[in-house]
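Novice: A single structure is presented below for examination.
The values are calculated or read from the model by the stated rules, or taken from the named source; none is laboratory data. Please read these numbers as outputs of a predicted model, since none were measured by experiment. Cβ placement follows ideal geometry from the backbone for every residue including glycine, while neighbour counts extend to all protein chains displayed. Quick note on the areas: whole protein, heavy atoms, side chains included, nothing else; ligands and nucleic acids left out. Shrake-Rupley method; radii C 1.70, N 1.55, O 1.52, S 1.80 Å.
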Amino acid sequence: MSKVLVAYASKAGSTGEVAQAIAQELCAQGLTVDVRRVREVKDVSEYDAFVVGSAIRMGSWLGEAKQFVEANAAALQAAPTAFFTVHMLNTDDSEESKTNRAAYVAPIHAIVQPDAEAFFAGKMELGKLSFLDRMISKMMGAQDEDKRDWEAIKRWADQLTPQLA
């Protein structure tokens with residue numbers, strides 16, 4: 001049986017909650033899964049497959065997520081790997097949104113090309129952000145809201161199971 005690592009980087013917790021939901025669904029499909037923040041992962045050698053996710057800040061994956069992919073590129077390239085991105089902007093199906101989502105992950109794709117990938121709308125809780133992030137978010141018109149589609153997250157995790165097993 002495959003052992004899967006779901007590793008994530010999150011600023012305010014929303015991406016961690018998405019990672020937990022993905023892991024729960026993979027477990028329900030019979031996989032053995034560990035969920036860890038990327039900064040807590042010290043060794044990936046015990047895993048057979050990977051799901052790596054990050055929140056978006058300033059148009060990019062969080063630095064710690066990119067560093068995780070860089071540090072573990074060989075293992076990620078050698079095993080089934082999926083990426084997920086949690087974001088609040090560019091959530092529709094317009095060409096502009098698709099182009100912007102591609103730009104979010106272009107630096108990560110330059111390191112590792114995933115076998116599967118998904119973009120999920122996230123949750124904004126201004127009170128959980130640092131003062132600076134809260135001020136920037138407010139200047140951009142952000143407000144507290146939860147756009148996550150739990151059914152879409154579950155469906156994606158279900159589709160991953162055969163690839164990761």
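Novice: Give the stretch 16-28 a look and list any residue that's farther than 20 Å from Leu62 by Cα, open to solvent by less than 30 Å² (accessible area, probe 1.4 Å) and not aliphatic (A, V, I, L, M), or say none.
Specialist: Selection gives Glu25 alone.
Novice: Another question about this same structure. Report yes if some residue within the stretch 90-105 is in a strand (DSSP E or B) and either among the small types (Gly, Ala, Ser) or within 21 Å of Leu160 (Cα to Cα) (or both); otherwise report no.
Specialist: No, that holds for no residue.
Novice: Out of all the residues in the stretch 27-54, which are among the aliphatic types (A, V, I, L, M) and within 13 Å of Ala7 (Cβ to Cβ)?
Specialist: Val33, Val35, Val38, Val41, Val44, Ala49, Val51, Val52 - these are the residues of the stretch 27-54 that are among the aliphatic types (A, V, I, L, M) and within 13 Å of Ala7 (Cβ to Cβ).
Novice: With respect to Ala12, is the statement that it is within 14 Å of the chain's Cα centre (by Cα), over 15 Å from Ala106 (Cα atoms) and in a loop (DSSP other than H, G, I, E, B) true?
Specialist: yes
Novice: Does Trp156 fit the bill of being open to solvent by less than 70 Å² (accessible area, probe 1.4 Å), among the aromatic types (Phe, Trp, Tyr) and in contact with a helix residue (DSSP H, G or I) (Cβ under 9 Å, 6 or more places away or on another chain)?
Specialist: yes
Novice: Turning to a different aspect of this structure: Of all residues in the stretch 67-106, count the ones that are within 15 Å of the chain's Cα centre (by Cα), under 20 Å from Glu40 (Cα atoms) and surrounded by fewer than 18 Cβ atoms within 10 Å (Cβ to Cβ).
Specialist: So the count comes out to 1.
Novice: Let me ask another. If only one of Ala102, Ala118 is out of contact with any Pro (no Cβ under 6 Å at 6 or more places or on another chain) and in contact (Cβ under 8 Å) with a residue 24 or more places away in the chain, which one is it?
Specialist: Going through Ala102, Ala118 in turn, just one is out of contact with any Pro (no Cβ under 6 Å at 6 or more places or on another chain) and in contact (Cβ under 8 Å) with a residue 24 or more places away in the chain: Ala118.
Novice: For the stretch 29-50, enumerate the residues that are loosely packed, with under 12 Cβ neighbours inside 10 Å, in contact with a strand residue (DSSP E or B) (Cβ under 9 Å, 6 or more places away or on another chain) and under 19 Å from Ala78 (Cβ atoms).
Specialist: Scanning the stretch 29-50 gives a single hit, Glu46.
Novice: Oh, and also: Would you pick out the residues in the stretch 79-89 that are in contact (Cβ under 8 Å) with a residue 60 or more places away in the chain and either more than 21 Å from Ala21 (Cα to Cα) or in a loop (DSSP other than H, G, I, E, B) (or both)?
Specialist: The answer is Pro80, and nothing else.
Novice: Pull up the stretch 15-43, narrow it to residues that are among the aliphatic types (A, V, I, L, M) and assigned to a loop (DSSP other than H, G, I, E, B), then point me to the one that is farthest from Val69 (Cα to Cα).
Specialist: In this case the residue turns out to be Leu31.
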